[in-house]
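A.B. asks: Got a structure for you, written out below as structure tokens; questions coming shortly.
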């Protein structure tokens, strides 16, 4: 059994963006870890085929996650788009041996058990393949924010063999869930270190595109 208390105590003493990976972890052990962690500790936990990854996000990580989420929700408001935020809800499919907690996630149009969109802010690389993880969980679209750039992937359920290297996802230039979203505008605003100025700039851009 994984000694969770020892691991989490050590992580609190280490670098604020600390990532630990454990192998040969059973699904039952994973469920026990989630129950022990609860909602009180700021960790993201991912599980895939017996590999468990625990991340203690840094301030930079959390700032990126919050700013991206804030701008997206501003987009939903300005464009009158129905959305249902799921945040870092733990997503689990025991039969697929997959579980994860995205930085942000949303259902678009209607509420669902699994989000349509999962967003990951990458500050330090991990060992679990996020696209494989989200493919097994059934997430349609995955966004990565890394090194001040956005990378988007959309799941191709009918032709996964064409995208084996990306777990059935195709790299895309524009969101298929939010086809009217100006990614250049969003990226520029995400690169602004001042959240208020970024939000104002983004809102001006959204309103200007309507005229």
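Bear in mind these aren't lab numbers, they're just calculated from the coordinates by the rules spelled out. Quick caveat, the model's predicted, so the values are computed rather than measured. Heads up, the Cβs are rebuilt from the backbone with ideal geometry, glycines too, and the neighbour counts pull from every protein chain shown.
A.B. asks: Of 156, 44, how do they rank once you tally other Cβ atoms within 10 Å and put the fewest first?
C.D. replies: 156, 44
A.B. asks: Here's another thing I want to ask about it. Grab the beta carbon distance between residue 162 and residue 79, set R0 = 22 Å, and tell me the FRET efficiency rounded to 0.05.
C.D. replies: 0.10
A.B. asks: Pick out which of 161, 53, 18 has the largest mean-square fluctuation in a Gaussian network model of the chain, springs linking Cα atoms closer than 10 Å.
C.D. replies: Most flexible of the set in this elastic network: 161.
A.B. asks: Please work out the C-alpha center-to-center distance from segment 56-117 to segment 158-211 and express it in whole Å.
C.D. replies: About 14 Å separates the Cα centre of segment 56-117 from the one of segment 158-211.
A.B. asks: Sticking with the crude label model, points 7 Å out along Cα→Cβ, report the distance from residue 122 to residue 146 in nm, one decimal please.
C.D. replies: For residue 122 paired with residue 146, the spin-label model returns 0.1 nm.
A.B. asks: Continuing with this model, one more query. Based on DSSP, what percent of beta bridges with both residues in the chain are antiparallel, to the nearest 5?
C.D. replies: Around 85 percent of the beta bridges assigned by DSSP in the chain are antiparallel ones.
A.B. asks: Right, another one. What is the fewest-to-most order of 51, 21, 164, 121 by other Cβ atoms lying within 10 Å of their Cβ?
C.D. replies: Ordered by Cβ neighbours within 10 Å, fewest first: 164, 21, 51, 121.
A.B. asks: Here is a further query. Length gain on complete extension for the stretch residue 24 to residue 192, per 0.36 nm per residue less the alpha carbon to alpha carbon distance?
C.D. replies: 56.3 nm
A.B. asks: Could you tell me the relative contact order of the chain? Use alpha-carbon pairs under 8 Å, at least six residues apart, and round to a whole percent.
C.D. replies: 15
A.B. asks: How big is the convex hull of the Cα atoms of the chain, per residue, in Å³?
C.D. replies: Cα-based convex hull of the chain, divided per residue, equals 127 Å³.
A.B. asks: Next up: Do the sum for the chain: with -39,500 (n - 2.57) for every DSSP H run of n ≥ 4, divided by all residues, what is the mean residue ellipticity at 222 nm, to the nearest 500 deg cm²/dmol?
C.D. replies: Calculated mean residue ellipticity at 222 nm is -10500 deg cm²/dmol.
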